[in-house]
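> Below is a structure I'd like to ask you about.
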Amino acid sequence: MNDLSNKHIVLGLSGGIACYKAAELCRALVKAGASVQVVMSEAATQFITPVTMQALSNRSVFTSQWDDRESNNMAHINLSREADAILVAPASADFMAKLLHGRADDLLSLMCLARPIAQVPLILAPAMNREMWQHPATQRNMSQLKADGAFVLDVGQGEQACGETGDGRMLEPEEILADLIAHFQPKRLAGKRVLVTAGPTFEMIDPVRGITNLSSGKMGFAIARAAQEAGAQVTLVVGPVSLPTPRGVQRVDVKTALQMQAAVSPLSDSSDVFIATAAVADWRVESPTDQKIKKDGSGALPVLAFTENPDILAGVAQSKRARSGALYCVGFAAESHDLLEHATAKRQRKGVPLLVGNIGPATFGQDDNALLLIDENGSKALPHAHKLDLARQLVAEIAQRLSNSH
Ligand code: C5P
């Protein structure tokens, strides 16, 4: 998805070994559809050459405030006026200290100071040794920079170029990209706690076999990501899938429907929105065996007795908080035909204000989907699109219903 199309990003590099990651970041920004203008401090050019950054951004790099390529000779003004955001990655301890004091003795700091503060966000991706990161001066500078309107991203944790281990590494390029994309999304669910279930469940037959289904978890993961981008605190309870956890989302892994219910139940007590996308198995084997069921060569077939799983969504929807409107519940219906009719009936049966229908065989495992939203006022179709795109639209629909009810 071209999440940054029509965005112009000024990518600033200050001096630090993490400059090597800025090359990958630049490429990722361009791939996401952004136009990228690189500005480097003199120290940054000691770590990576402007030639590399020019080739990756397809624009010549600015390094000096005395550069006379701009006809008015005011690169710091022109560059900062064009930008949708200034992203400094890496932001060194020294560069942040400089910004804090409003110093402007090179192009990068001059441009940051000259940016129209209300229109052009300044986003900093710090990178430094763990002692430098923990130093009270750095921590003090960071809080002041935040108070002055900058957005300071997290740092990574782990092995550092100096051989020490701890906090202070620059985030990986794909993490910075995800944070930047999230930055541009409207904060429709700011301060809300959102609980999402996703994926299939796996019901054991014996220690090596089980019953599951073809749900990939992609729609639920996209919804968790979209809710997080919209400013919510998101917990994702997930059956066995192999998908990366969306950035900033708390993930709880479970296997069976009973485990999913046990995880969801306490979390729903402290959530504002519950979105059930999981394809929970309707039945489980009544008595899974401790030992593998063996084929004895006689041709005798095993006999499995089933019992019904609890309906997690219907249970949560009947809770006091859901009935009082404190918890807004959203269900999903995967149907193969007569979507409107089946999904409307399912909304009633589950007792939820909003039910989202989709055609199961057409969506399982795919990156695209189409949704049909059904609430007390009728239905609304969200046409065929990428699941993340649909998830963002669904989040907007939910946020609107939340604000209408208050
Ligand atoms: O009844 P059906 O499985 O079609 O309902 C689908 C909706 O109910 C989804 O939102 C799904 O996550 C939820 N569900 C559940 N627990 C179950 C079965 C379904 O939460 N045992």
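The values are calculated or read from the model by the stated rules, or taken from the named source; none is laboratory data. Just so it is clear, the model here is predicted, and its values are computed rather than measured. Positions of Cβ are backbone-derived with ideal geometry, glycine not excepted, and every protein chain shown enters the neighbour counts. Surface areas here come from the heavy atoms of the whole protein model, side chains and all, with no ligands, DNA or RNA. Shrake-Rupley method; radii C 1.70, N 1.55, O 1.52, S 1.80 Å.
> Counting only the heavy atoms of the protein chains, how much of T344 is accessible to a 1.4 Å probe, in Å² to the nearest 10?
Solvent-accessible area, nearest 10 Å²: 60 Å².
> Still on this structure: Rounded to the nearest 500, what is the 222 nm mean residue ellipticity of the chain from helices alone, with -39500 (n - 2.57) per DSSP H run of 4+ residues and division by all residues?
Values: 15 runs with 142 residues, N = 406.
Result for the chain, helices only: -10000 deg cm²/dmol.
> Next up: Could you check what % of the DSSP bridge pairs in the chain are antiparallel, to the nearest 5?
If we restrict to bridges inside the chain, about 30 percent are antiparallel.
> Let me ask you something else. For the chain, just say rounded, prolate or oblate: build the C-alpha gyration tensor, square-root its eigenvalues into a ≥ b ≥ c, call rounded for a/c under 1.5, and beyond that prolate if a/b exceeds b/c, oblate if not.
Verdict is prolate for the chain.
> Where does each of S268, S64 land when they are ordered by accessible area, with a 1.4 Å probe and the largest first? Before the final figure, lay out the partial values.
On the way: S268 10, S64 35 Å².
If we order S268, S64 from most to least accessible, we get S64, S268.
> Taking all protein chains in place and a 1.4 Å probe, what share, in percent, of the accessible surface of the chain do carbon and sulfur account for?
Roughly 50 percent of what the probe reaches on the chain is carbon or sulfur.
> Karplus couplings for segment 221-233 from phi (6.51 cos²θ - 1.76 cosθ + 1.60, θ = phi - 60°), rounded to Hz, Gly and Pro as x?
Once θ is set to phi - 60°, the couplings for segment 221-233 become 5, 5, 5, 4, 5, 5, 5, 5, 4, 7, x, 7, 8 Hz.
> Now a separate question. Compute the signed sum of charges (Lys and Arg +1, Asp and Glu -1) over the other residues within less than 15 Å, Cβ to Cβ, of I211. Each step should come with its number before you reach the end.
Numbers: positive: R209, K255, R284; negative: E203, D206, D282, E286, E308.
So the surrounding residues net to -2.
> Now a separate question. For segment 193-404, state what percent of all Cα-Cα pairs lands in each successive 5 Å bin, counting from 0 Å until the bin that includes the largest distance.
Once binned at 5 Å, the Cα pair distances of segment 193-404 give 1, 7, 15, 19, 20, 15, 9, 5, 4, 2, 1, 0, 0, 0.
> Now for a different question. I need the semi-axes of the equivalent ellipsoid of segment 8-184: take the C-alpha gyration tensor, multiply each eigenvalue by 5, square-root it, list largest first in whole angstrom.
Square roots of five times the eigenvalues give 23, 18, 16 Å.
> At 1.567 mPa s and 4 °C, plugging the Kirkwood radius over alpha-carbon pairs of segment 194-257 into Stokes-Einstein gives what diffusion coefficient in µm²/s?
This corresponds to a translational diffusion coefficient of 107 µm²/s.
> For a quick check: with amide H placed at 1.01 Å from N, whose amide H comes under 5 Å from V252's, ignoring anything fewer than 5 positions away on the same chain?
Here the answer is L236, V237, V238, since their amide H atoms fall under 5 Å of that of V252.
> Restricting attention to segment 116-201, which GluC sites (Glu not before Pro) occupy a DSSP loop and are surrounded by at most 13 other Cβ atoms within 10 Å?
Values: sites: E131, E159, E164, E174, E175; in loops: E164.
Hits after loop and neighbour filter: E164.
> Please compute the Kirkwood hydrodynamic radius of segment 103-207 from all pairs of different C-alpha atoms, in Å with one decimal.
When all Cα pairs of segment 103-207 are included, the Kirkwood radius is 17.2 Å.
> Students often get this wrong, so check it: of K295/K387; K7/K218; K7/K98; K7/K387; K31/K255, which have C-alpha atoms separated by over 32 Å?
Checking Cα-Cα distances, K295/K387; K31/K255 exceed 32 Å.
> Taking θ = phi - 60°, what integer Hz values does the Karplus form 6.51 cos²θ - 1.76 cosθ + 1.60 yield along segment 376-384, in sequence order, with x for Gly and Pro?
5, 8, x, 10, 9, 8, 9, x, 2
> To the nearest 10 square angstrom, what accessible area does I48 show with a 1.4 Å probe?
Roll a 1.4 Å probe over it and I48 shows about 20 Å².
> Further, regarding this structure: Going by average Cβ density within 10 Å per residue, which order do the peptides 304-311, 209-216 take, highest to lowest?
Answer by packing, highest mean first, reads 209-216, 304-311.
> Taking only protein heavy atoms and a 1.4 Å probe, what accessible area per residue, in Å², does the chain have with all protein chains in place? Intermediate values should be presented prior to the final figure.
Working: 19590 Å² over 406 residues.
About 48 Å² of surface per residue is accessible.
> Helix 257-268 versus the longest principal axis of the chain: what is the Cα-based angle in degrees, 0 to 90, to the nearest 10?
Roughly 50 degrees, rounded to the nearest 10.
> Sequence-distant or interchain residues sharing an amide H contact under 5 Å with G12, placed H: which?
V39, L87, V88, A89
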